[in-house]
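Q: Dropping a structure here in structure tokens format, bear with me for questions.
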Amino acid sequence: MFSRAAWSLVLRNRRHGTRGSHGPGGIARGEGKMPPYTNYYAQRSYPMPDEPFCTELSAEQQALKDKEKGSWTQLSHAEKVALYRLQFHETFAEMNRRSNEWKTVVGCVFFFCGFTALLIWWQHVYVFPEKPITLTDEWKARQLQRILDMKGNPVQGLASCWDYEKKQWKK
Amino acid sequence: MASGALTEPQVHGLLAKRLWFHIVGAFVISLGVAACYKFAVAEPRKKAYTDFHRNYDSMKDFEEMRKAGIFQSTK
């Protein structure tokens, strides 16, 4: 979405030889798209693109555009709305409407997290080598006993939580 | 679209208002965080150290460690 706005900005700077703003597909994709797809993309951060929404106007719409060149007090409310729709396609409220896209995004994120978990599990079974000796329970217990003997961090840390008389962790 | 019936919104001093709000807020929050740190972390730590050292006998501690067999220079 943002790349389209940025693309039209880039094209706008090169005035000579370019007409109108194209989507990121470029000219190869063809200018006219079948409805409901258009090349017109207004968004909250880029609400008023330079090209109007409707460029090919029927005779009736063209007559309305000619009337717009006169005094605007002569336009009825319905005509003003029609002119707005020709230029901008959607109101701000419609353009900024919420969608349910976030549910899809969150669902896909969780799905791929789960898939990654499966891959890691497979790795754990088939790829990882043996645990080193220093990670066995027996070694870890001897290591902890040695740290307590050396009274590591006796004020606020590990040895402060050990009761040396009763030989157990303090409650 | 005359705005006769509505009150005019504030048009001047918007940046100043925002800056003032954030300056005051930053002051209050940083003082609050500093005070919380002092009373939740720094003071208890100082107290723990003074309590520890009040009745600390380093020679007794050393003897316990020596008996546990951790030293290389003595048994």
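Q: Would you work out the Kirkwood radius for segment B:36-75? I mean one over the mean of 1/r across all pairs of different Cα atoms, in Å.
A: Working: mean 1/r = 0.0811 Å⁻¹.
Mean inverse Cα-Cα distance, inverted, gives 12.3 Å.
Q: Another question about this same structure. Please list, in chain and number order, the residues 5+ apart from residue A:162 or on another chain whose amide H is under 5 Å from its amide H, with Hs placed from the backbone.
A: HN-HN under 5 Å from residue A:162: A:170.
Q: Putting +1 on Lys and Arg Cβ atoms and -1 on Asp and Glu Cβ atoms, find which of A:118, B:12, B:30 reaches farthest to the positive end of the dipole of the protein assembly as shown.
A: After comparing all options, I get B:30.
Q: Loop-only trypsin sites (Lys or Arg not before Pro) in segment A:53-115, please: DSSP not H, G, I, E or B, and at most 12 other Cβ atoms within 10 Å.
A: On the way: sites: A:65, A:67, A:69, A:80, A:85, A:97, A:98, A:103; in loops: A:69, A:97, A:98.
Of the trypsin sites (Lys or Arg not before Pro), the ones in loops of segment A:53-115 whose Cβ has at most 12 other Cβ atoms within 10 Å are A:69, A:97, A:98.
Q: Also: Over all directions, the average projected area of the alpha-carbon convex hull for chain B comes to how many nm²?
A: In nm², the orientation-averaged hull projection of chain B is 12.0.
Q: With angles folded into 0 to 90 degrees, how steeply does helix B:14-37 sit against the dominant principal axis of chain B? Use alpha carbons for both and round to 10.
A: 20
Q: Using only the Cα atoms of segment A:37-97, construct the convex hull and provide its projected area averaged over every direction, in square nanometres to one decimal.
A: Working: hull surface 19.7 nm².
Approximately 4.9 nm², given one-decimal rounding.
Q: How about chain B: which chymotrypsin sites (Phe, Trp or Tyr not before Pro) there are in a DSSP loop, with at most 14 other Cβ atoms within 10 Å of their Cβ?
A: Working: sites: B:20, B:21, B:27, B:37, B:39, B:49, B:52, B:56, B:62, B:71; in loops: B:56, B:71.
Hits after loop and neighbour filter: B:56, B:71.
Q: What is the Cα centroid distance between segment B:1-49 and segment A:34-75, reported in whole angstrom?
A: 46
Q: Angle check, please: helix B:43-54 long axis (alpha carbons) against the longest principal axis of chain B (alpha carbons), in degrees 0 to 90, nearest 10.
A: Approximately 10 degrees, to the nearest ten.
Q: Segment A:51-156: which GluC sites (Glu not before Pro) are DSSP loop and have at most 11 other beta-carbon atoms within 10 angstrom?
A: Answer by residue number: A:56, A:130.
Q: If you place +1 on the Cβ of every Lys and Arg, -1 on the Cβ of every Asp and Glu, and leave all else neutral, what size is the dipole of the protein assembly as shown about its Cα centre, to the nearest 20 Debye?
A: 740
Read-outs throughout are calculated quantities, based only on the coordinates presented, and are distinct from any laboratory measurement. Note that the structure is a prediction, hence the values are computed from the model and not measured. Cβ sites come from the backbone with ideal geometry, for glycine too, and all protein chains shown count toward neighbours.
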